[in-house]
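The values are calculated or read from the model by the stated rules, or taken from the named source; none is laboratory data. Keep in mind the model is a prediction, meaning the values are calculated, not measured. Note that each Cβ is placed from the backbone with ideal geometry, even for glycine, and that neighbours are counted across all protein chains shown. To get the accessible areas, we keep the full protein, side chains included, count just its heavy atoms, and leave off ligands, DNA and RNA. Shrake-Rupley method; radii C 1.70, N 1.55, O 1.52, S 1.80 Å.
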Amino acid sequence: MLAAMENTTLQPAAAPHVLVVDDDREIRDLLARFFERHGLRVTAVRDAREARRALPNAHFQLVVLDLMMPGETGLDFARWLRGPASGHDGIGIVMLTAMGEETDRIIGLELGADDYVPKPFNPRELLARIRAVLRRAGDQGGRPHEAATQLWRFNGWTLDPTRRRLLNPDKVEVPLTGGEYDLLVALVERANRVLTRDMLLDLLRGRQAGPFDRAIDVAVSRLRRKLEDDGRHAQLIKTVRGGGYVLAAEVERL
């Protein structure tokens with residue numbers, strides 16, 4: 001059955017494989033044709049149940065996920081996908097949301113989505129967002145990985161850019177989503193400098209913040225939890241009133 005859902009346009013095996021999950025057939029068909037014309041491999045399914053069946057049969061780099069679906073919602077599926085039981089917690093997630101669903105967007109980002117695009121959307125913008133997430137994750141087909149020759153150490157934590165890993169002071173790896181990793185790198189590279197929300201959004205997502213955009217606040221909150229940095233009395237990632245955020249630590253480059 002899954003073979004019937006797989007689109008037939010052949011792409012190079014190295015091309016990134018995207019799973020589109022949307023109950024609207026027109027949107028699925030539109031995105032499948034558009035993405036394939038631009039060099040992606042695509043599997044399109046109509047709900048979370050079919051997505052769960054598709055995941056073990058291919059190596060997907062990213063999921064385009066509609067939040068409002070019958071049965072298991074996109075938020076529920078994203079929560080499962082980001083959990084360790086799924087075995088796919090490192091996969092990129094770009095959410096499709098209705099224009100007025102700010103609360104759902106915030107919840108989706110808290111669950112670990114890498115980006116979101118409100119409906120109605122321009123397929124070119126969605127493709128650009130997908131490529132940005134793939135690029136950050138190092139999964140862009142045919143793109144050479146930049147060689148990293150150093151580790152960063154701060155407050156007992158170790159960040160390994162070569163393997164995109166974060167180790168806690170006990171040398172245990174702490175899993176990070178692509179967005180969390182990129183946020184931490186931006187802060188570490190500019191330690192003890194105040195970075196405004198606009199600066200961080202521009203660094204991480206290539207766009208300026210909207211007046212109600214809380215994506216950075218949500219990402220910082222998630223990263224603080226990973227770093228065991230109490231949000232109310234944060235000592236590592238500090239909030240600067242009216243300014244933004246700063247990593248208050250001395251960073252050692254090894």
**Request:** May I ask you to list the residues in region 19-43 that are in a strand (DSSP E or B) and more than 17 Å from Lys119 (Cα to Cα)?
**Result:** Leu19, Arg41, Val42, Thr43
**Asked** Residues in region 228-246 that are within 23 Å of Asp170 (Cα to Cα), in contact (Cβ under 8 Å) with a residue 24 or more places away in the chain and either among the small types (Gly, Ala, Ser) or not in a loop (DSSP other than H, G, I, E, B) (or both): how many?
**Response** 1
**Asked** Is it true that Ala58 is of a type in the set (Gly, Ala, Ser) and buried (at least 16 other Cβ atoms within 10 Å of the Cβ)?
**Response** no
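Which residues, counting only those in region 213-227, are in contact (Cβ under 8 Å) with a residue 40 or more places away in the chain, open to solvent by less than 20 Å² (accessible area, probe 1.4 Å) and in a helix (DSSP H, G or I)? Step through it out loud before you land on a result.
At the first step, the residues of region 213-227 found to be in contact (Cβ under 8 Å) with a residue 40 or more places away in the chain are 214-215, 218-219, 221-223, 226-227.
Okay, now just the ones that are also open to solvent by less than 20 Å² (accessible area, probe 1.4 Å), so 215, 218, 223, 227.
Correct list: Ala215, Val218, Leu223.
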**Fill in**
Within region 232-250, the residues that are in contact with an Asp or Glu (Cβ under 8 Å, 6 or more places away or on another chain) and modelled with pLDDT of 90 or more are Leu236, Ile237
**Prompt:** open to solvent by less than 70 Å² (accessible area, probe 1.4 Å) and modelled with pLDDT under 95: does that describe Arg41?
**Reply:** yes
**Asked** If a residue has to be within 11 Å of Leu227 (Cα to Cα) and either part of a helix (DSSP H, G or I) or over 17 Å from the mean Cα position of the chain (by Cα) (or both) to count, how many in region 164-179 make the cut?
**Response** 3
**Request:** Those residues that are open to solvent by 20 Å² or more (accessible area, probe 1.4 Å) and within 16 Å of Arg136 (Cβ to Cβ), I need them from region 156-177; list them, please.
**Result:** Pro161, Thr162, Arg163, Arg164, Arg165, Pro175, Leu176
**Asked** Scanning region 60-101 for residues that are in a loop (DSSP other than H, G, I, E, B) and in contact with a Pro (Cβ under 6 Å, 6 or more places away or on another chain), which turns out farthest from Tyr181 (Cα to Cα)?
**Response** Met99
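Can you tell me which residue is modelled with the lowest pLDDT among those in region 127-155 that are small (Gly, Ala, Ser) and surrounded by 17 or more Cβ atoms within 10 Å (Cβ to Cβ)?
Restricting attention to region 127-155, the residues satisfying the condition of being small (Gly, Ala, Ser) are 128, 132, 137-138, 141-142, 147-148.
Then drop every residue that is not surrounded by 17 or more Cβ atoms within 10 Å (Cβ to Cβ), which leaves 132, 137.
Values: Ala132: 84, Ala137: 70.
Restricting to residues being small (Gly, Ala, Ser) and surrounded by 17 or more Cβ atoms within 10 Å (Cβ to Cβ), the top hit is Ala137.
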